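The values are calculated or read from the model by the stated rules, or taken from the named source; none is laboratory data. Everything numeric here is computed off the predicted structure, so don't read it as measured data. So basically every Cβ, Gly included, is an ideal-geometry build from the backbone, and we count neighbours across all protein chains shown.
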Amino acid sequence: MLASTHWASPSQDLFLSLSPGVVHVWRAHLEDSPLQASRYLPYLAADERARAERFRVPHPQYQFVSSRGILRRLLSHYVGVPAANLRFETNPQGKPALADPSSLPLQFNVSHTSGVALLAITVEHAVGIDVEKIDRVLSNDDIAARYFSPREAAHLASLSPDLRTRAFFTYWTCKEAYLKMRGIGLSGGLDQCEISLDPDGVKANISLTDRSSREDECSLFRAHAGQAHIGALAVNCPSVEVSFWDWQD
C-alpha cells in the first residue's frame, strides 16, 4: 500500500514504464515571473495563447502557460509527438483529452495553484488530480453549509483552527480529484462526496451521499505536494501503482 509521497528524479527510461495499472504523477514548481512562462509559450497552440491573453492578472496567466507547456512536453515524451503538434479536445466541463488517437491510450489531468502544478498520466483509466495552497482560514459555518456532509463538518468543527484548515483542504482536494476523474468537475457536488481517510497511509475512501448516483471503483490518494500545498489523486481503477516524479526541464 502506498504509505507516503516520495518525489523522485526521473530516469531516462521512465516514459516506457507507463502501463495499465500504473500512474505517473508529476510535480512542477511554478514561478511568479514571466521568464518561466516565456520558455513554454512556444509550445502552446493558438487557442491556448488566446486563452492566456484573456487573463486580467499576470500571475494566473504565467501559471496557465507554464502548466500547459509542461503538460505538452510530458505528453510528447509518452506518445512520441512534438509538443507543439499535440491537439487537445475538451468535454463539456472542460476536461482536456488528446484529440488524435495514438498507440498509447493516455488519460491525463492537470491542476495548478500558486507555486505548484500537479500532472497525472495513466493508460486507459480515467484520472483526476487537484492541488491547493493552504493559504486561508475558513469558518465552520462556511465549511458546513457549502462543502461537506454532516459527518465531515462535525469532524472539522472538532479540530483546532490550524488542523481544521489542513483537514478542509484534504477533504476538498480528494473530492475535487474524484469529480475531475469522473469528468464532471465541481458541478457534480462537493457535498455529495463523503471522504474517509486512512490514518496509517495516504489512501482515502469515498462514498456518495446521493444514492441515486453511481459509485466508481476507484483508487483515491492524498499527495504531499509541499510544505504549503496539499494534493489528491483519483484513478478509475480499484488497484494502481503510483510513482511521483519531479519535473526537470
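Yes or no: residue 39 charged (D, E, K, R), over 21 Å from the mean Cα position of the chain (by Cα) and surrounded by 12 or more Cβ atoms within 10 Å (Cβ to Cβ)?
Yes.
For residue 169, which of the numbered conditions (1) in contact with a helix residue (DSSP H, G or I) (Cβ under 6 Å, 6 or more places away or on another chain); (2) part of a helix (DSSP H, G or I); (3) over 25 Å from residue 21 (Cβ atoms) fails to hold?
(1)
Tell me the residue from 132, 152 that is in a helix (DSSP H, G or I), in contact with a strand residue (DSSP E or B) (Cβ under 7 Å, 6 or more places away or on another chain) and either loosely packed, with under 12 Cβ neighbours inside 10 Å or modelled with pLDDT of 85 or more (or both), please. Full working, then the answer.
Values: 132 fails: in a helix (DSSP H, G or I).
None of the other options fit; the residue is 152.
Output the number of residues of segment 31-62 satisfying the condition of being closer than 29 Å to residue 124 by Cβ, in contact with a helix residue (DSSP H, G or I) (Cβ under 9 Å, 6 or more places away or on another chain) and not basic (Lys, Arg).
Number satisfying all stated conditions: 5.
Just give me the residues in segment 1-36 being surrounded by 19 or more Cβ atoms within 10 Å (Cβ to Cβ) and under 17 Å from the mean Cα position of the chain (by Cα), in sequence order.
First, the residues of segment 1-36 that are surrounded by 19 or more Cβ atoms within 10 Å (Cβ to Cβ): 2, 23-28, 30, 36.
23, 24, 25, 26, 27, 28, 30, listed by residue number.
Check whether at least one residue in segment 85-93 is of a type in the set (Asp, Glu) and part of a helix (DSSP H, G or I), and report yes or no.
No, the conditions are met nowhere in segment 85-93.
Checking residue 199 against (1) without any contact (Cβ under 8 Å) to a residue 60 or more places away in the chain; (2) under 27 Å from residue 121 (Cβ atoms); (3) in a loop (DSSP other than H, G, I, E, B), which test does it fail?
The single condition residue 199 does not satisfy is (2).
Restricting attention to segment 106-115, does a residue exist that is surrounded by fewer than 17 Cβ atoms within 10 Å (Cβ to Cβ) and at pLDDT below 90?
Taking every residue of segment 106-115 in turn, none turns out to be surrounded by fewer than 17 Cβ atoms within 10 Å (Cβ to Cβ) and at pLDDT below 90.
Test each condition in (1) modelled with pLDDT of 95 or more; (2) within 30 Å of residue 201 (Cα to Cα); (3) over 20 Å from the mean Cα position of the chain (by Cα) for residue 49 and report the one that comes out false.
So the condition that residue 49 fails would be (2).
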